[in-house]
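Written below as structure tokens is the structure these notes are about.
The values are calculated or read from the model by the stated rules, or taken from the named source; none is laboratory data. Just so you know, these numbers come straight off a predicted model, no measurement behind them. FYI the Cβ positions are ideal-geometry reconstructions off the backbone, even for glycines, and counts take in every protein chain you see.
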Protein chains: 2
Amino acid sequence: MPPTQPTIGVFDSGFGGLTVLRALLQLLPGANYIYLGDTARLPYGSKSHETIARYAVSSAKFLREQGAELLVVACNTATALALKDIQHALPIPVIGVVEPGAHAAHSASNHDQARDKVVVIPSEPQSNSSTNHVLVLATAATVQSHAYTRALNTLGLDAHEKACPLLVPLVEEGWINHPVTDEVLKIYLTEALNEAPKAQTLLLGCTHYPLLEPAIRRALTALNHPLTIIDSAEATAQTVLTHLGLPAHSSKLKAPGSQCTFYATDSIEKFERLGSAFLGQSLTGVRHVDLGG
Amino acid sequence: MPPTQPTIGVFDSGFGGLTVLRALLQLLPGANYIYLGDTARLPYGSKSHETIARYAVSSAKFLREQGAELLVVACNTATALALKDIQHALPIPVIGVVEPGAHAAHSASNHDQARDKVVVIPSEPQSNSSTNHVLVLATAATVQSHAYTRALNTLGLDAHEKACPLLVPLVEEGWINHPVTDEVLKIYLTEALNEAPKAQTLLLGCTHYPLLEPAIRRALTALNHPLTIIDSAEATAQTVLTHLGLPAHSSKLKAPGSQCTFYATDSIEKFERLGSAFLGQSLTGVRHVDLGG
């Protein structure tokens, strides 16, 4: 266990990374956290590699300047497209969400009950039960990078990636439990399952999507195609613990006085209002920072 | 008539402004055009005044540096929040889309058939037919600015503005004629008409929305509430003609060899692919420009 409270930087293009911070706060409540939402330049998910890398590196450097000793890239798009750029630019450990998510999918595929979210076994027998197929829902940019396919293939899993550009706007509209969102999910999942009918595991490859988990379960039930649902927030938090030499599932730093500091590059008011749903608790005291652009 | 071909800069956060360029090309095919889509920083519609003004001014300055002698801010959000900032920053005439759109709504309200898009008279008699109510659909940022309300009130019209955050993502997903889009429009229009039951005119306050005009007509028919639909693209092009001292509806510069040059701050490939639908013709030779950020 480190002798002092580590200061952990957490970065996302917007609010979704707060689901990762939420998992970190549960596993590691004694650390100090500095969160940056690059809201003036979101969304990253529809933009090009060069643009995303430029935005992500400048955001990561800001968090390092604020004292981060370890950086969590709590954004699937930034991880998929710019993790190496960020790692090259910073002299501190940088952990993304793609590899932890892939490992969680691997554990779930192997054990069928690796975590409490595993609720159902596919009702139809698979033609080859020893080969596990993972369906990944993500933004267009994450899908185009094929970062999840590479990470899952390395672990011996087959992957099918599906871009779902409307899900982030639907979450940000607040239509978490809404007939239109159910219909959009049914369309995306029908297309995805037609292309990957053997899928047993569904990996949520965007930090906005955990807020849609109940709607995704409804859509899968309506399609009569239950899947094990995995999101990478908790898996990423576990990876941070491992990196700090702390035991998984049970670590709590004992030092009191931990702090959370929040920065946003666009409106503070909007960040506080929307962010609370992602963090699972009220969010105040956000500071504005101008990263150019 | 100007002695030489004017060079007109046209600016939008993305692709929507191409509907304005399309109208300009029809009315003024002999001018030179330089179009900038600030796609690396889109969408503007969900961001704050300070951020939008910063992005818009840097985009406008770029077009001036490329030789624009007159600038069209072909983006409702940038016009609503940053027209004065741009006008202060540039030594050339700057024309936005809000005032032309408001004037077109005024003409339609006064004449009930000012343009060929006027197809139906409300079936139910209005309690006060001399007061005209305009319903404006726009992005969240445009609505919050109340720029349309101010412009319409100045013309003696009542205004009700309705934020429709999902419409731009639906257009960009390509779901122009799609049951989900029909359903979303029905929800937004039902809410808006409950709040503004006397509306006779519908002003499309975002340059993406003209692509949804058939879907909007379907939704209004389903709601049994026909409205006169106005978009500001053609009205803005007319304003440019007037500013250049050319007669409305009929002007064509005779000089040959006009040029269109396109710049985008994000992926060129995506700009060419998506932009064609907005411009109404194929779009190639787009150049990339980095405006920082």
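When the residues of the range A:32-51 are filtered to those that are in contact with a Cys (Cβ under 8 Å, 6 or more places away or on another chain) and within 18 Å of A:Ala138 (Cβ to Cβ), the one that is modelled with the highest pLDDT is A:Tyr44. Restricting attention to the range B:140-189, the residues that are more than 14 Å from chain A (Cβ to nearest Cβ), assigned to a helix (DSSP H, G or I) and either of a type in the set (Phe, Trp, Tyr) or in contact with a His (Cβ under 7 Å, 6 or more places away or on another chain) (or both) add up to 1.
It is to be established whether one or more residues within the range A:205-212 are more than 18 Å from the chain's Cα centre (by Cα), in contact (Cβ under 8 Å) with a residue 24 or more places away in the chain and surrounded by 17 or more Cβ atoms within 10 Å (Cβ to Cβ). The answer is no, given that none of the residues of the range A:205-212 is more than 18 Å from the chain's Cα centre (by Cα), in contact (Cβ under 8 Å) with a residue 24 or more places away in the chain and surrounded by 17 or more Cβ atoms within 10 Å (Cβ to Cβ). Outside any loop (DSSP other than H, G, I, E, B) and under 16 Å from the mean Cα position of the chain (by Cα): is that true of A:Glu234 in this structure? Against the criterion (outside any loop (DSSP other than H, G, I, E, B) and under 16 Å from the mean Cα position of the chain (by Cα)), A:Glu234 qualifies. Note on the range A:270-293: among residues that are assigned to a helix (DSSP H, G or I) and in contact (Cβ under 8 Å) with a residue 24 or more places away in the chain, the one that is nearest to A:Lys61 (Cα to Cα) is A:Phe271.
If the condition is being in contact with a His (Cβ under 9 Å, 6 or more places away or on another chain) and modelled with pLDDT of 90 or more, then the range B:251-270 contributes B:Tyr263, B:Ala264, B:Thr265, B:Asp266, B:Ile268. Would you point out the residue of the range A:273-290, among those that are more than 16 Å from A:Val10 (Cβ to Cβ) and within 14 Å of chain B (Cβ to nearest Cβ), that is modelled with the highest pLDDT? Within the range A:273-290, the match that is modelled with the highest pLDDT is A:His288. Considering every residue within the range A:79-86, establish whether at least one is modelled with pLDDT under 95 and among the hydroxyl-bearing types (Ser, Thr, Tyr). Checked against the condition, which is being modelled with pLDDT under 95 and among the hydroxyl-bearing types (Ser, Thr, Tyr), the range A:79-86 yields no hits at all.
Considering the range A:31-75, the residues that are in contact with a Pro (Cβ under 9 Å, 6 or more places away or on another chain) and assigned to a strand (DSSP E or B) include one that is nearest to the other protein chains (Cβ to nearest Cβ), namely A:Leu71.
Being touching a Ser or Thr at 6+ places or on another chain (Cβ under 9 Å) and either surrounded by fewer than 20 Cβ atoms within 10 Å (Cβ to Cβ) or in contact (Cβ under 8 Å) with a residue 24 or more places away in the chain (or both) is true of B:Thr228. Within the range A:221-228, none of the residues are at pLDDT below 90, away from chain B (no Cβ under 14 Å) and not in a loop (DSSP other than H, G, I, E, B). None of A:Gly245, A:Gly275, A:Gly285 is out of contact with any Asp or Glu (no Cβ under 9 Å at 6 or more places or on another chain) and on the phi > 0 side of the Ramachandran plot except A:Gly245.
The set of residues in the range B:72-85 being surrounded by fewer than 24 Cβ atoms within 10 Å (Cβ to Cβ) and touching a residue at least 12 places away in the same chain (Cβ under 8 Å) consists of B:Leu83, B:Asp85.
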